[in-house]
Amino acid sequence: MFGPTGILIAVIVLTMVLAVFFLIRPAVTAGAREKILAFIALFILPALCIGGGMSRHMERSEQTRFCISCHAMAPYGQSLYVDDAKYLPAAHFQNHRIPVETACYACHANYTIYGPLKDKLQGISRIYVQYVSTPPKTIHIRGGYSNLQCLRCHAGARNFEANPVHQAIMDSLKSNQMSCVSSGCHDTVHNVAAMGNVKFWSSAQ
Amino acid sequence: MKLRAIGIQQFFRVSSGLIILGLLVEIVSLLWFHPLAFVLFAFVGASLIGLGILVYLASLVFAVSPPAGNRG
């Protein structure tokens, strides 16, 4: 109930109370004790608030509902509920093969050392496209979808490694020469153009 | 010296004001679940708080407290 956001807001309120005190009575900082208090109120706590705020926003930006809150992403969110196992994201989402709360991030995050930073910078450029420029009708991933995103979970998994089709092309898959999603194998991905003609699954049923 | 003493108080007022504004923006951004909330926090809230911290640090470097005899 009183989660990380609640704790952060409590720290922010405490910082604000102290900052208001120094705003109204800046002369009190003549004494050594008050100087230390000013250092805590105007340096330590605000720095903590920036760090805490950044951390909370980073965590929130990984949530599925955050991604699909952009108008252009709404049909991609819908595609997670398509009642058809051929739809790759829907099959992963509905069967909890990926964390449901962070479904988009699980399959679209860059898992390299500076990956999260690159993702956030890309996210800002997408916000720019959404609100300042015009989003394209069809959204494409820059550089295509990398097999490494799939192999992060599937590499080493028995049903993936033992599959004779996968075995025959394993080197091409691991070197990203043959795409998992665009080589005719698992090619029904979000397919948002068909959202008006598909049946949806409801988890409440 | 008196002018410098007023100077440090001005520094503190500006610093506190910027930090309060930045924190208010941060609270709004935390309560608003939207991609723009991140932009609001990163480009407005964090910048205001950061500027407030810088003004406070500048007060430590550039402003001089009044001598002990003048302290009230």
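The values are calculated or read from the model by the stated rules, or taken from the named source; none is laboratory data. Everything numeric in this text was worked out from a predicted model, so none of it was measured. FYI the Cβ positions are ideal-geometry reconstructions off the backbone, even for glycines, and counts take in every protein chain you see. Note: areas computed on protein heavy atoms with side chains; ligands, DNA, RNA excluded. Shrake-Rupley method; radii C 1.70, N 1.55, O 1.52, S 1.80 Å.
Listed values, structure above:
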{"read-out": "Crossing angle, helix A:4-24 versus chain A [Cα axis fit, 0-90 degrees, rounded to tens]", "value": "30 degrees"}
{"read-out": "Other protein chain Cβ atoms within 10 Å, averaged over every residue that makes up B:53-61", "value": "3"}
{"read-out": "Charge dipole (debye, nearest 20) of the range A:73-205; +1 at Cβ of Lys and Arg, -1 at Cβ of Asp and Glu", "value": "260 debye"}
{"read-out": "Peptide A:6-16 - average C-beta neighbours from other chains (10 Å radius)", "value": "3"}
{"read-out": "Sulfur and carbon atoms: percent of accessible area, the range A:27-124 [1.4 Å]", "value": "66 percent"}
{"read-out": "Averaged over A:57-67, number of beta-carbon atoms from partner chains that fall within 10 Å", "value": "3"}
{"read-out": "Theoretical FRET efficiency, 1/(1+(r/R0)^6), r = Cβ-Cβ of A:VAL198 and A:HIS140, R0 22 Å, to 0.05", "value": "0.55"}
{"read-out": "Accessible area of chain A divided out per residue, in Å², using a probe of 1.4 angstrom", "value": "62 Å²"}
{"read-out": "Heavy-atom accessible area ranking, 1.4 Å probe, most first, across A:LYS118, A:LYS199", "value": "A:LYS199, A:LYS118"}
{"read-out": "For the protein assembly as shown: span of alpha carbons on each principal axis (Å, largest first)", "value": "88, 38, 38"}
{"read-out": "Area buried, chain B against chain A - accessible surface, total, 1.4 angstrom probe, square angstrom", "value": "3300 Å²"}
{"read-out": "Members of the range A:23-38 that become less accessible by 10 Å² or more once partner protein chains are added (1.4 angstrom probe, chain alone as reference)", "value": "A:LEU23, A:PRO26, A:ALA27, A:THR29, A:ALA30, A:LYS35, A:ALA38"}
